[in-house]
Amino acid sequence: MDLLQEEIGECVLFTLPAKKWHWRARTAAVYFMQNVPASADYRILFASSVLNLTELVALRPDLGKLKKILYFHENQLTYPVQKCQERDFQYGYNQILSCLVADLVVFNSIYNMESFLTSIGKFMKLIPDHRPRHLEKLIRPKCQVLYFPIKFPDVSRGSETELTKEV
């Protein structure tokens with residue numbers, strides 16, 4: 001986030017402390033709904049995959065109109081747990097829904113991206129009935145990997161360029 005703010009002059013950060021991530025995943029959307037002021041100057045909403053982006057854009061339609069970029073540094077479909085029963089379905093489900101709402105989904109590695117995308121079908125089979133299908137096909141075209149260091153495009157002229165990786 002510091003890099004975003006340093007590289008993009010108009011970047012405005014709204015964050016929560018990096019602790020109690022379970023609570024952040026469940027409640028951050030309402031917090032940001034109340035604490036992000038409305039602004040006609042916002043163009044891009046860059047969010048962590050911990051945030052339930054679906055909830056935020058439902059609660060704040062003005063933010064839903066922005067270009068929404070969802071960033072994954074880890075994913076809840078494959079995050080290690082001792083037993084499958086220990087995995088809270090809602091966290092992974094929220095990440096899938098957030099991907100469906102996002103315009104661009106960015107991962108920190110090919111492994112993270114592929115493990116998430118290829119696990120969606122198996123994950124959705126945990127639903128007892130009326131399972132959504134073909135979600136990977138809807139999400140994959142939005143996905144790319146963004147390695148560090150990041151080379152940011154020139155957004156000062158309002159161009160709609162995508163994020164690119166440093167070569």
*Report whether or not L45 is in contact (Cβ under 8 Å) with a residue 40 or more places away in the chain and closer than 28 Å to F148 by Cβ.*
no
*asked:* I'd like to verify a number: residues in segment 47-61 that are open to solvent by less than 60 Å² (accessible area, probe 1.4 Å) and either modelled with pLDDT under 90 or over 22 Å from S115 (Cβ atoms) (or both), how many?
replied: 3
_Residue ID - nearest to Y71 (Cα to Cα), chosen from residues in segment 144-167 that are modelled with pLDDT of 70 or more, touching a strand residue (DSSP E or B) at 6+ places or on another chain (Cβ under 6 Å) and in a loop (DSSP other than H, G, I, E, B)_ = L146
*Could you please let me know if P141 is modelled with pLDDT of 95 or more and open to solvent by 20 Å² or more (accessible area, probe 1.4 Å)?*
yes
*Identify, from the list F32, F89, the residue that is over 23 Å from R140 (Cβ atoms) and in contact with a Leu (Cβ under 7 Å, 6 or more places away or on another chain).*
F32
*Scan segment 111-129 for residues that are surrounded by fewer than 20 Cβ atoms within 10 Å (Cβ to Cβ) and in contact with a Lys or Arg (Cβ under 7 Å, 6 or more places away or on another chain) and jot them down.*
M124, K125
_Among the residues in segment 100-110, are any under 24 Å from E136 (Cα atoms), open to solvent by 30 Å² or more (accessible area, probe 1.4 Å), of a type in the set (V, I, T) and touching a strand residue (DSSP E or B) at 6+ places or on another chain (Cβ under 7 Å)?_
yes
*Kindly list the number of the only condition in (1) open to solvent by 20 Å² or more (accessible area, probe 1.4 Å); (2) part of a helix (DSSP H, G or I); (3) at pLDDT 90 or above that fails for R133.*
(2)
_Test result for Y79, among the aromatic types (F, W, Y), under 26 Å from A29 (Cβ atoms), at pLDDT below 95 and open to solvent by 60 Å² or more (accessible area, probe 1.4 Å)_ = yes
*asked:* Looking only at residues that are touching a helix residue (DSSP H, G or I) at 6+ places or on another chain (Cβ under 8 Å) and β-branched (V, I, T) in segment 24-46, which one is most open to solvent (accessible area, probe 1.4 Å)?
replied: V30
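The values are calculated or read from the model by the stated rules, or taken from the named source; none is laboratory data. Keep in mind that this is a model prediction, so the values were computed, not measured. A quick note on method: Cβ atoms are made from the backbone with ideal geometry, for glycine too, and the neighbour counts reach across all protein chains shown. We work out accessible area using only protein heavy atoms, side chains counted, and drop any ligands, DNA or RNA first. Shrake-Rupley method; radii C 1.70, N 1.55, O 1.52, S 1.80 Å.
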